[in-house]
Amino acid sequence: MNANPSHGTPVRVRFAPSPTGHLHIGGARTALFNWLFARRLGGAFILRIEDTDLQRSTRASVDAIVDNIRWLGLDWDEGPHLQSDRFPLYARHAERLLKEGKAYASDEKRGSRPAVILRRPEGGIAVDDLVHGRIVFPADAVGDLVLMKSDGTPTYNFACVVDDAEMRITHIIRGDDHLSNTPKQIRLYAALGLPTPLFAHVPLIMGPDGSRLSKRHGATSVGQFREEGILPEALVNFLALLGWSPGDDREIMTIKELVAAFSLDRVNKKSAVFDTRKLEWLNMQYFKRKAPGEVARMAVPYLAAFGVPPGAVQADRMEAAVRLLGERFRTLRDLADKAHYFFTDFPVVDPKAFRRHMHAAGAGGILSEVADRIERLAEFTPDSIEPVIRGIIAARGVKPGEVIQPVRVAVSGRAETPGIFETMSLIGKERVVARLRRAPLLDLPGDGPGAEGGGA
RNA sequence: GGCGCCAUCGUCUAGUCUGGUCUAGGACGCCGGGUUCUCAACCCGGUAACUGGGGUUCAAAUCCCCAUGGCGCUACCA
């Protein structure tokens, strides 16, 4: 049924999003599979924008999608072609089908002209899908098919088939949601007298509740993960593992390794649930493999959301903060949140941490003692700070945490930070002392009873 | 409703095509322990799955049928 491009024929695949919104995670995965397939086989990856729906398509969406595909590192060999530039082509093919009697003009008057409709096929249609195998559709599964709408624009199925044929696409790799379109399209290739490409329908990506991934599941666009500070290589790696696996136990794979290992016959049939936690874990794995200086540079723009404008970030200080934080962050946004207090006069204070450690008996006294003793230090290094704190712990005969935790909260605003001596040292003596002195005076909202609902 | 697709730990998956080597492997998460100034990381240990029922066979996660469930499509949207 399907044309079978011989081994010598160069592979040509395409990604054809419709520019009615952002680049969806499912679309990105489809683009990635197409790209991996093309690169693995030395073929061409073509970008085509399906903007036949003039009402819903926007220029901004085209730009955003293209930008995010580039960000993912998926370079294309041709395009982006816009279907809206190709309307005469579709009209020409429709005209031909009309002349040949394969299509008829609708007698229903809806727009300025009659719609062009393809006559229903005689028998059933079989699809030989590269991931599903042979699928047979009964004859009545395909009815008459509108090709050109009354407004003169082509329908999706028609424009798609004309373009895939014109662009000599050899393999159509797309989501399972297009499976039921396939018999219609095969029917169209036949009517057009054009060779039918091979099809590979990849499983859909679902939300945690098992329904198709959509906005209500939270972040679902590539742009949103980008804004969170997910690395493109981590997202690519993660997406590659959704519906495909290399067949061994490898999970952390570079783009190069993915290209080398990719094949359509290892693509799953079952839809996959998108697990943000595993994506974040993978993201951290990529941070671990990067130089702290590079991570620091990437994180600078994210600091703004925590009150630190890019101009206020000293590069060496940020790099030191990244080294100190180690593996304590999973996204760039997360890193910025955990590093902001190295750059501000005072930290954003977590009320829970404050309540827990600052209200402990003697906390105020401890903080002022630490401030007094530390202020006299000539050198403000981890090695000079530690004996002072240890000395106070010993003199009071308390557990280390009873001193260190109040200090940690006063100095960073939170109950978890890297080692306290290193943290204090990097923040700097002046700011540390000021924070220790101010903390006991703080009166945090949400602190007292009834403060929770007190808006008005 | 009709048509189609799919079905292994909570999640991603290996194993299914080419039945035995699977008392079903790995990873995320979760739980416990170690380390420790907190958290993270790390190390050790643990939890947890072949949807159900019928066949076929000496033997079924693997092959066949039915049921059930989930999802998709059912537009002059894409």
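Cβ crowding within 10 Å, taken as a proxy for footprinting-reagent exposure, orders A:S412, A:S214, A:S425 from fewest neighbours to most as A:S214, A:S425, A:S412.
The Cα trace of segment A:83-133 gives Rg and Dmax of 15.1, 43 Å, the first to one decimal, the second as a whole number. Straight-line cross-link reach from A:K278 at under 20 Å between alpha-carbon atoms covers these lysines, not counting any fewer than eight positions away in the same chain: A:K215, A:K270, A:K288, A:K290.
Here's the picture: charge each Lys and Arg Cβ at +1 and each Asp and Glu Cβ at -1 in segment A:84-180, and of A:V116, A:G143, A:I169 the one pushed furthest to the positive end of that dipole is A:V116.
Derived value for chain A: Kirkwood hydrodynamic radius 26.2 Å. Basis is the mean of 1/r over every pair of different alpha-carbon atoms.
Distance from the Cα centroid of segment A:321-341 to that of segment A:174-238 is 33 Å (rounded to whole angstrom).
Taking R0 as 51 Å, what FRET efficiency do you get between A:Y156 and A:K288 from their Cβ-Cβ distance, rounded to the nearest 0.05?
Details: r = 44 Å, r/R0 = 0.86.
FRET efficiency, A:Y156 to A:K288: 0.70.
Please report the antiparallel percentage of DSSP beta bridges with both residues in chain A, rounded to the nearest 5.
Numbers: 15 of 30 bridges.
Looking only at bridges with both residues in chain A, the antiparallel portion is about 50 percent.
Can you list the GluC sites (Glu not before Pro) in segment A:330-419 that are in a DSSP coil and have 14 or fewer other beta carbons within 10 angstrom? Don't jump to the answer; show the numbers that get you there.
Details: sites: A:E369, A:E375, A:E379, A:E402, A:E416; in loops: A:E379, A:E416.
Those satisfying the criteria are A:E379, A:E416.
Exposure proxy shown here: for A:H340, A:H178, the number of other Cβ atoms within 10 Å sets the order, fewest to most, as A:H178, A:H340. Take each uninterrupted DSSP H stretch in chain A, measure its Cα extent along the helix axis, and return the ones at 20 Å or beyond whose mean Kyte-Doolittle hydropathy is at least -1.0. The answer, listed by residue number, is A:25-41, A:382-396.
For A:A126, the residues whose modelled amide H falls within less than 5 Å of its own, excluding neighbours fewer than 5 places apart on the same chain, are A:F137.
Legend: calculated FRET efficiency, A:T276 to A:T254, from the Cβ-Cβ distance at R0 = 22 Å, rounded to 0.05, equals 0.50.
Could you work out how much longer the chain between A:E108 and A:V146 gets when fully extended? Use 0.36 nm per residue separation minus the Cα distance between them, nm to one decimal.
Values: separation 38, 0.36 × 38 = 13.68 nm, distance 1.21 nm.
Going from the current span to full extension adds 12.5 nm.
The alpha-carbon of A:K352 sits under 19 angstrom from the alpha-carbons of these lysines, leaving out residues fewer than 8 places away in its chain: A:K338. Taking amide hydrogens as placed 1.01 Å from N in the peptide plane, the amide H of A:F199 sits under 5 Å from those of A:L130, A:I172, each at least 5 positions away in sequence or on another chain. In a reduced charge model with +1 at each Lys and Arg Cβ and -1 at each Asp and Glu Cβ, segment A:1-134 shows a dipole moment near 240 debye about its Cα centre.
Segment A:D128..A:Q224, full-extension length gain: 30.9 nm, with 0.36 nm per residue of separation and the alpha-carbon distance subtracted.
Mind checking which lysines have their C-alpha under 23 Å from A:K184, skipping anything on the same chain fewer than 8 residues away? A:K184 reaches A:K99, A:K102, A:K149, A:K269.
Taking N as the residue count of segment A:50-97, its C-alpha radius of gyration divided by 2.2 N^0.38 Å amounts to 1.43.
Where a number appears in this text, it was derived from the coordinates with a stated rule and is not lab data. Because the structure is a prediction, the values reported are computed rather than measured. For neighbour counting, all protein chains shown are included, and Cβ atoms are generated from backbone atoms with ideal geometry for every residue, glycine included.
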